[in-house]
Amino acid sequence: MAETSLADAAAQVPMTDTTPLVEKKLVKFHIMSAALWFSIALLAGLFYSMQLLQQWPLPKIEVLSPGRIRMIHTNLIAFGFLTNSFLAMLYWTVPRLTGQRVASKTLGWIIWGAWNAIILATYIGLHMGEAQAVEWGETPVWVDPFVVVGAILVWIQLYTPIVRSREKSMYVSLWYFSAGFVWLGLTYIMGNFFPQYLVAGNAAGPLLGLYIHDLVGLWVTPMGWGMMYFFVPIILRKPIWSHALSLVGFWGLAFFYPLQGVHHFLGSPVPMFAQYSAVISTIAVEIVVVSVIINFFMTWRGSEGALQRSMPIRWFWLGAFCYAVTCLQCAFQVTLTFQQVIHFTDWVVAHAHLVMFGVFSFWTFGMIEHLWPKLTGNEWWSPSLRRWFFWLTAFGLGIMFVSLTAGGLVEGFMALNLTPRETILQSMRPFWLTRTLSGLSIIAGWSCLMVNMVATARAKRAVSHVDTEYSPFETVEDEEVSIGAV
Ligand code: HEM
């Protein structure tokens, strides 16, 4: 195996320059901000679930009204938690994959400050009732231009090392990242500016469907896949099973994903040709996603013991498992027949939690579990808190998913039988109560991680292992080469 990239990467850093390749403090601050926003988002989710049980804990306070809290829940998850986590991940991975530093440390701090100011403005704006009428784009209209500027700064910061790189080939994670940066900007502009200023009424519907789905598919997904393809080979210390398959995934995602947004509006007044095309492209994306799942499990095969030894691998494994279940679900739910039952029911909410939480957040947890000791220089403070975090979260999501999926089917069939809405709502109470209890389990798990992260950062137990010698691998002309230094 040629370790050429390590040498190349080292050669590209001038001997006199002692600036580290990776700005660890930036990674750490993005992770800490992500944790803060996630904590608020979880509480918002819990509170909103209580509203559906008619137990709203903060009655008659306008700025804390339930509708606003729901938007805070979803927006803080997407922009506060996941995007901050992805920025942390990019600051860690891109310099290693390219052997080059990001454009500027100062710019890094500007982006960190600006991005979190945007989230804060969104958070306050939503409390004040300033939401834009775009699902998942409720960011007040006066914040939107700043998001676009923020995305451009991220391009400058992270394309610089990619363009400067002298690596002979680009590892698949970089393919996903480079495309994801552009897609984020374009998706945001399409979803937040077009329906607001250019396209109105029914025509805006498909655009909004496209926006919701592309935010997941063209921002969260490429970052998540790139993250998995980077960390899993490093932790397992072996190359990914098939580099070719990972590239099939890339092109499949790029080609089919943007076409399927209308599947959020099946059975609506959107023209049928658009609905049918969304169904077909969704099936195509299914195949693409399966390729990623196969690649993960084939890479993991032969390293089964890692599930016992490595907490990060456990998170990645469970995330891949949730992905497989999601895919199976999609195969049913994208058909028009199935839609007649599940449309507008809690089945969809279960599906949303399985993907956003079970897959991408779990992979993010795997990354945090892996990186936090390296960032703090200390071993994890409490192994048992790590296990509690894992099991409480996995249990919580499992129960939430099962109860909402079952509830969704009950709701759907009752609606098909023209049961009065009041009766349906009464029947949903046990399912919603279970969801609230499962939320408590998730919050308890998250608290374990928070305590452990703070205690680890303050503890004085130096890490005994640093992964300096491993990096992701790929095959170039039948030869296995490592890509970038770790
Ligand atoms: C304490 C844990 C959580 C609770 C109790 C909770 C509860 C809720 C509730 C009540 C809704 C609104 C459902 C509706 O309008 O009928 C919701 C929506 C949503 N939540 Fe959570 N949530 C939790 C954690 C999370 C996490 C960790 C994520 C992602 C990482 C997440 C992602 C979402 C998404 C994407 C939606 C929108 C679903 C849709 O519109 O179909 N939630 N959540």
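Only the coordinates and a few stated rules stand behind these numbers; no lab work does. Keep in mind that what you see is a predicted model, and the values were worked out from it rather than measured. We place every Cβ from the backbone using ideal geometry, glycine too, and count neighbours over all the protein chains shown.
Observations, loosely collected:
- Given charges at beta-carbon only (K, R positive; D, E negative), |dipole| of the range 109-223 in Debye: 520 debye
- For peptides 269-282, 370-383, 205-218, sequence by mean Cβ density within 10 Å, most packed first: 205-218, 370-383, 269-282
- Size descriptors for the range 183-226: radius of gyration and Dmax over Cα atoms are 11.1, 37 Å.
- Segment K24-A459, extension gain: residue separation times 0.36 nm, minus the distance between their alpha carbons: 154.8 nm
- Segment I152-S104, extension gain: residue separation times 0.36 nm, minus the distance between their alpha carbons: 15.9 nm
- When Y188, Y159, Y197 are sorted by how many other C-beta atoms sit within 10 angstrom of their C-beta, beginning with the fewest, the order is Y197, Y159, Y188.
- Dipole magnitude of the chain about its Cα centre (Cβ charges: Lys, Arg +1; Asp, Glu -1), debye to nearest 20: 1200 debye
- Ranked V134, V182, criterion: other C-beta atoms within 10 Å, fewest first: V182, V134
- Taking the chain and dividing mean pair separation by its residue count, relative contact order in percent (alpha carbons under 8 Å, at least six apart): 18 percent
- Between helix 383-416 and the chain: long-axis angle, C-alpha atoms, 0 to 90°, nearest 10: 30 degrees
- Packing-based exposure ordering (other Cβ within 10 Å, fewest first) of M228, M170: M170, M228
- Radius 15 Å from Cβ of T423, net charge of other residues (Lys, Arg +1; Asp, Glu -1): 0
- Summed residue charge, Cβ within 12 Å of G191's Cβ, Lys/Arg positive, Asp/Glu negative: -4
- Think of it as helices only: each DSSP H run of n ≥ 4 in the chain is worth -39500 (n - 2.57), and spread over all residues that comes to -23000 deg cm²/dmol at 222 nm.
- Taking the longest Cα principal axis of the chain as reference, the axis of helix 362-376 is set at about 40 degrees.
- Computed from the C-beta positions of V182 and L120 and an R0 of 22 Å, the FRET efficiency is 0.25 to the nearest 0.05.
- Sequence-distant residues sharing a close amide H with N378 (under 5 Å, placed H): V463
- Using a Förster distance of 41 Å, the FRET efficiency for S382-V325 (Cβ separation, nearest 0.05): 0.85
- Summing Lys and Arg as +1 and Asp and Glu as -1 over all other residues whose Cβ lies under 13 Å from the Cβ of Y211 gives a net charge of -4.
- A simple charge model with +1 on the Cβ of Lys and Arg, -1 on the Cβ of Asp and Glu and nothing else charged puts the dipole of the range 304-464 at about 640 debye relative to its Cα centre.
- Over the range 304-464, the hull volume per residue, using the convex hull of the C-alpha atoms, is 101 Å³.
- Ellipsoid equivalent to the chain - semi-axes via the Cα gyration tensor, in Å: 36, 25, 24
- Extension gain, M298 to W251: 0.36 nm times the residue separation minus the Cα-Cα distance gives 14.9 nm.
- Considering only I424, C322, P312, and ranking their Cα positions along the charge dipole of the chain that arises from unit charges at the beta-carbon of Lys, Arg, Asp and Glu, the one farthest toward the positive end is P312.
- On Cα atoms only, tilt of 243-256 relative to the major axis of the chain in degrees: 40 degrees
- Out-of-range pairs (alpha-carbon distance over 28 Å; input K28/K168; K28/K60; K24/K168; K25/K460): K28/K168; K28/K60
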